[in-house]
Amino acid sequence: MRKFTSYTFSFLLLLLSTLNINAQVKPLTSSEILLNLKKLNVLGSAMHIAAHPDDENTLLLTYLSKERLVKTQYLALTRGDGGQNLIGPEQGEYIGIIRTQELLAARRIDGAEQLFSRAYDFGFSKTREETLKFWGENNILSDVVYHIRKNQPDVLITRFPPDARAGHGHHNSSAFLAELAFNMAGDPTKFPEQLKEVQTWQPKRVVWNTFSPGFSNQKPTDKGSFITIDIGGYSPYLGKSHAEIAAESRSSHKSQGFGSGANRNARIDFMMHKDGVPAEKDLFDGVDMSWNRVKGSEQVAQLVDQAIRNYNVNYPASSVPVLVKIYQELGKLDAQNKYVQQKKAEIEVLLQNCLGLWFETNPVDYAVAQGDRAAVRVSVVKRADYPLKLTRLQFWGAQKDSTLSLELKNNELSTFTFSAEVPKTIKISQPYWLEKPIKNGAFQIDDQSKLSTPENVPSLQTSFTFLIDGQSFTFTKPWVYKSTDPVDGEVYRPFEIRPEVTANVSEKVYVFADNQPKMVDIVVKAHRTNVKGTLTFDVPAGWRVEPAQIPFELPEKYQEQTVSVKIFPSAQQSEVKLKVIAKTENGESPYSLKSVEYKHIPTQTIFPMATTALVKLDIKNKAKTIGYIAGAGDEVPAALRQMGCNVTLLDEAALSKNLAVYDAIVVGVRAYNTEERIKYFQEKLMEYVKNGGTMVVQYVTAGGFGNTLKVKEIGPYPFKVGRDRVTEEDAEMRILQPTHPILNTPNKITPKDFEGWIQERGIYFAVEWDKNYTPLFSANDTNEAAKEGSLIYAPYGKGHFVYTGLVFFRELPGGVSGAYRLFANLISLGKK
């Protein structure tokens, strides 16, 4: 089978980066086709740079892409891995996977392209210095320089200022690195190793898209030149205002709760000059955005004008001949020129839309194991009355190739079925940024060119070669699984390459309060037929697994077998990992399987290492029955069960019953923000406390109480929640009330219990409270004043109330022993 040439592969990357690589080309209406014809005549580009998903100015991206018609990109330094999750329990790299897909959905709406760096979002950071130290300034700066050189934007646009006004160390850093990279990208002495793949490039200018309060028409107060841009216009081609499109794009960030209503007014944004040649009136002042910037393109420019002038809105296929001629003329120009490559890719999309051409490759199953066979169905149809011949099908990643000579009939579906062998050496469908462990605040991506696409380039793809007006065109698309849901209709899912077997440990962490062993369940799953082998286990010295190995045999694909082993803890307090390895005749599989499934994104399947945390600690817990009001992204109930608690999730029906049966009621993170009906049970909850119950409320966000419950009504006495937080996970936790029961019963809490915390100490602290509350800890980040609102306690009647911003929702699933001991004390308050 023919290999990819370097040019073919780079061109494929360019095409895939402009499309959703797991779906069809977006069908365009006739007026949208005309808009994209006009875009052929615009040779300009802009890169918008910020830190996270949801930082981007979607209205600006829409304006640039759909009004100015320039190539528009959004470079988010991170994938949002440290953000909160309002739709499920995923945290860390898993919420990063969700937010990656949400960004891609947003870009399909606003028309921009998505880029990332290697930076890992480790949560809120107060300073640029902390952020860049954690990420490794030079590595992430290198990525920004690479993207500028690779994509050659005319203008860089930052979202934040490079100083404390950005409000977040990541925000500050994104602007700081952008301004450094602006000058370095054109300097061949900076990151010279990149020049084997890309060329130096100097953008015309870098500007700061200022964010005056409310994006009002107030001029920014910074000294220096700036221009204003009305980005709130209306597109007759799309039948929507830019703001309406931007609101749809913004609403893609569902895990952040950023559903947006459209503002249909005019909107003035400010572009503050930061470096380069100042703009006088327009963002692209001094930038030649015509075909004059491509040598020898005079004929191309004339043909594009002809295509626009003669476009027939009632019969888009009439534009096919001139589009083919433009494509042929582009083929005579410098193949390495980025605009030649970009416009050829745009013409391919236009041809498919003008011809009403639809084609895809659908495996009959959603996954295949390495070395197995896949049954596949290929479908092709054209819906325009225009001659078209299919001449070849070529299958990348599978051993298959077909030469054809099929005249496609109008509106008549042609199908082909075949079975292909998937090589044993093909990589599993692991996101490229998760192939190696996260290290020193960054994803370990050895090949920087992988950053050219926001997600994996699928290994299994089909190239369709068509003969159009005597010219061969090859369009390449990935294999995608398609099914019909009785509610949602046609549903697409990325086709997955899996290891032949995976092993999932039933819990993320196992806590051992004594020397007694625990039974651990492991689900072994086959991803092809007739899988058999042996499970083996790896634990550090001092721990023991019985039996040491377990045979398994799974005749059917996707069949599961649950096996159990007995884990004997170490005699000493420790936190370790149990590793599970499945051995078959084909080798070893150290993988587990995790699927992230939400209706607003394609199903994402990840193969993390098959491990679980084992925690041996000195812990006592007197609370046995816990009522839990689930919040957003909450895995605390599983941790409570590990502490020996019987946990009941309290829905509306359960809250209506007798609450006195619970030793404690725990409220999950942001439950008061997300659960509309909790306000109707607040009086009953306070009565439960008054009569002797214990209530522990984990953090709520300041303001924005969707259920209109006032913050002072959360507890028995008023208190206010602010935005205070301590982001340094090793910040000193000073004990204010050493004799308080929370710090002594049933576990003695000492500074040692705050060792090994992950990501941060706490967020959304109480900032003011009634005299009946007692703060227990004082903490602060470097060079900041002490904050005492991380955990406040109040007795009420016969019971106990606690509000805490300490991030138990991170520490307990992470197996942090001190967090378990402190939480046990909180829920044991009412047990004497």
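The values are calculated or read from the model by the stated rules, or taken from the named source; none is laboratory data. None of the values given here were measured: they were computed from a predicted structure. Note that each Cβ is placed from the backbone with ideal geometry, even for glycine, and that neighbours are counted across all protein chains shown.
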Which ones in segment 242-282 are closer than 18 Å to Glu56 by Cβ, without any contact (Cβ under 8 Å) to a residue 40 or more places away in the chain and of a type in the set (S, T, N, Q)? Ser251, Ser260, Asn263
Scan segment 652-664 residue by residue and report those that are crowded, with 24+ Cβ neighbours inside 10 Å and within 28 Å of Ala702 (Cα to Cα). Ala664
Val380 is checked against (1) more than 30 Å from Ser589 (Cα to Cα); (2) β-branched (Val, Ile, Thr); (3) touching a Lys or Arg at 6+ places or on another chain (Cβ under 9 Å) and fails just one. What number does that condition carry? (3)
Filter segment 633-651 down to residues that are of a type in the set (A, V, I, L, M, F, W, C), surrounded by 22 or more Cβ atoms within 10 Å (Cβ to Cβ) and farther than 18 Å from Ile619 by Cα, then give me how many there are. 1
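Yes/no per residue for (1) modelled with pLDDT under 65; (2) in a helix (DSSP H, G or I); (3) surrounded by fewer than 18 Cβ atoms within 10 Å (Cβ to Cβ); (4) of a type in the set (Phe, Trp, Tyr):
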site	(1), (2), (3), (4)
Tyr7	yes, yes, yes, yes
Ile21	yes, no, no, no
Lys26	no, no, yes, no
Ile33	no, yes, no, no
His48	no, no, no, no
His52	no, no, no, no
Leu75	no, no, no, no
Asn85	no, no, no, no
I want to confirm something. Restricting to segment 352-402 and keeping residues that are outside any strand (DSSP E or B) and of a type in the set (Ser, Thr, Tyr), which single residue is surrounded by the fewest Cβ atoms within 10 Å (Cβ to Cβ)? Tyr366
Odd one out for Ala702, checked against (1) part of a loop (DSSP other than H, G, I, E, B); (2) modelled with pLDDT of 90 or more: (2)
Among the residues of segment 526-542, count how many are surrounded by 20 or more Cβ atoms within 10 Å (Cβ to Cβ) and under 18 Å from Thr611 (Cβ atoms). 2
Consider segment 711-750. How many of its residues are touching a Gly at 6+ places or on another chain (Cβ under 8 Å) and of a type in the set (D, E, K, R)? 2
Where residues in segment 743-772 are surrounded by fewer than 20 Cβ atoms within 10 Å (Cβ to Cβ), of a type in the set (Val, Ile, Thr) and touching a strand residue (DSSP E or B) at 6+ places or on another chain (Cβ under 9 Å), which of them is nearest to Ala513 (Cα to Cα)? Thr750
Please identify the pairs in which a residue from segment 607-629 that is among the hydroxyl-bearing types (Ser, Thr, Tyr) and at pLDDT 95 or above has its Cβ atom under 6 Å from the Cβ atom of a residue that is surrounded by fewer than 22 Cβ atoms within 10 Å (Cβ to Cβ) and outside any loop (DSSP other than H, G, I, E, B), counting only partners at least 6 apart or on another chain. Thr611/Lys577; Thr611/Lys579; Thr612/Val505; Thr612/Leu578; Thr625/Asn646; Tyr628/Pro637; Tyr628/Val647; Tyr628/Leu649
From the list Val300, Val287, Val294, Val320, which residue is within 37 Å of the chain's Cα centre (by Cα), surrounded by 15 or more Cβ atoms within 10 Å (Cβ to Cβ) and closer than 30 Å to Leu467 by Cβ? Val294
Single match in Gly797, Gly756 (criterion: on the phi > 0 side of the Ramachandran plot, at pLDDT 95 or above and in the same structural domain as Met695 (by TED's automatic domain parsing)): Gly797
Only strands (runs of 3 or more DSSP E) wholly contained in segment 755-832 count here; list those with 3 or more residues that are hydrophobic (A, V, I, L, M, F, W, C) and in contact with a Gly (Cβ under 9 Å, 6 or more places away or on another chain). 766-769, 791-796
Residues in segment 123-175 that are acidic (Asp, Glu) and touching a Gly at 6+ places or on another chain (Cβ under 9 Å) total 3
Return the residue satisfying two criteria in turn: it lies in segment 545-593 and is over 20 Å from Thr529 (Cα atoms) and under 32 Å from the mean Cα position of the chain (by Cα), and of such residues it is surrounded by the most Cβ atoms within 10 Å (Cβ to Cβ). Val580
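Each row is one residue, and each column tells you yes or no for (1) closer than 28 Å to Ala164 by Cβ; (2) surrounded by 21 or more Cβ atoms within 10 Å (Cβ to Cβ).
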| residue | (1), (2) |
| --- | --- |
| Pro89 | no, no |
| Arg99 | yes, yes |
| Glu102 | no, yes |
| Arg108 | no, no |
| Phe122 | yes, yes |
| Val145 | yes, yes |
| Ile148 | yes, yes |
Being touching a His at 6+ places or on another chain (Cβ under 8 Å) and either within 30 Å of Tyr74 (Cα to Cα) or of a type in the set (D, E, K, R) (or both) narrows it down to one residue among Leu460, Leu451, Leu434; which is it? Leu451
Cross-chain or 6+ apart pairs with Cβ under 6 Å, segment 812-832 first and touching a residue at least 12 places away in the same chain (Cβ under 8 Å), then basic (Lys, Arg): Pro813/Lys508; Ser828/Lys622; Lys831/Lys622
